[in-house]
Amino acid sequence: MVSKKMSWWDVLKKEGKKQLKDTIKWDQYKSKEKNQFAVDSRDIKLHYLYNKVMRDPTPENHQALLKEIQHRMKVDKIFTDAFPHQMEAMKNKNSPHVTNFECYRDYIAFFKEKCGDISEYSMKYLQAIVGECENFGSYPEFLKRSKDKLEKACKDNTA
């Protein structure tokens, strides 16, 4: 294997580019630029259905898109009605991490029983349930009130 000897000019060019990129934070800029076009994994179905309507605007494709939008509005309303304080904490990125796994599993099972299956979209709000378990998991009477609020929100938002 023959190694190529770098001239001082090649070394200067390479180091100069590296210094310039570091100075203007090129990698951070390019990363931010790429992320502006990224799609959240919870929104892939919505983007897929929207693009399907744009390519083939049949009544069936419009209906599928409308159904997804209605589902999202329902999920948003359920979580906002049941957990307003947790939704505010999530918006402010102040949500706790799950440590009370037993409560979390039980609450998820309760959600499925009262509200139906958890969709990919509704998974983005499960942090609110984590907050309820971390705040009220040790207090059965408060956790019951929380579950009652969720059950009422699910009943009020059935279509």
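The values are calculated or read from the model by the stated rules, or taken from the named source; none is laboratory data. Model, not experiment: these values are computed from the prediction. Here Cβ is always computed from backbone atoms with ideal geometry, including for glycine, and neighbour counts include all displayed protein chains.
Please work out if ARG72 is of a type outside the set (A, V, I, L, M, F, W, C), within 30 Å of GLU132 (Cα to Cα), touching an Asp or Glu at 6+ places or on another chain (Cβ under 8 Å) and part of a helix (DSSP H, G or I). When the stated conditions are applied, ARG72 does not pass them.
Looking across region 121-135 at every residue that is out of contact with any His (no Cβ under 8 Å at 6 or more places or on another chain) and in contact (Cβ under 8 Å) with a residue 60 or more places away in the chain, the one that is surrounded by the fewest Cβ atoms within 10 Å (Cβ to Cβ) is identified as MET123. Here is a check on your reading of the model: is ARG55 more than 11 Å from ASN157 (Cβ to Cβ) and under 19 Å from the mean Cα position of the chain (by Cα)? So ARG55 does not fit the description; no.
If the condition is being over 28 Å from CYS154 (Cβ atoms) and exposed (fewer than 12 other Cβ atoms within 10 Å of the Cβ), then region 61-72 contributes no residue at all.
So for region 98-112 (the condition being modelled with pLDDT of 90 or more, under 30 Å from LEU65 (Cα atoms) and charged (D, E, K, R)), does at least one residue qualify? Yes, region 98-112 contains a residue that is modelled with pLDDT of 90 or more, under 30 Å from LEU65 (Cα atoms) and charged (D, E, K, R).
Cβ-Cβ distance below 7 Å, separation of 6 or more or different chains: which pairs start in region 136-153 with a residue that is over 13 Å from TYR107 (Cα atoms) and end on one that is modelled with pLDDT of 90 or more and surrounded by 14 or more Cβ atoms within 10 Å (Cβ to Cβ)? Every condition considered, the pairs that remain are ALA153/ILE78; ALA153/ASP81; ALA153/ALA82. The condition (being under 30 Å from ALA153 (Cα atoms) and modelled with pLDDT of 80 or more) is satisfied by just one residue among VAL39, VAL75: VAL75. Would a scan of region 27-42 turn up a residue that is surrounded by 15 or more Cβ atoms within 10 Å (Cβ to Cβ) and assigned to a helix (DSSP H, G or I)? Checked region 27-42: at least one residue is surrounded by 15 or more Cβ atoms within 10 Å (Cβ to Cβ) and assigned to a helix (DSSP H, G or I).
Residues being of a type in the set (Asp, Glu) and either under 24 Å from SER41 (Cβ atoms) or in a loop (DSSP other than H, G, I, E, B) (or both): count how many of those fall in region 110-131. The qualifying residues number 2.
Apart from one condition, LYS14 fits all of (1) surrounded by 11 or more Cβ atoms within 10 Å (Cβ to Cβ); (2) under 30 Å from LEU150 (Cα atoms); the exception is (2). Residues that are of a type outside the set (Val, Ile, Thr), surrounded by 12 or more Cβ atoms within 10 Å (Cβ to Cβ), assigned to a helix (DSSP H, G or I) and in contact with a Gly (Cβ under 8 Å, 6 or more places away or on another chain) occur at least once in region 76-88. Scanning region 89-104 turns up one or more residues that are within 15 Å of the chain's Cα centre (by Cα) and at positive phi.
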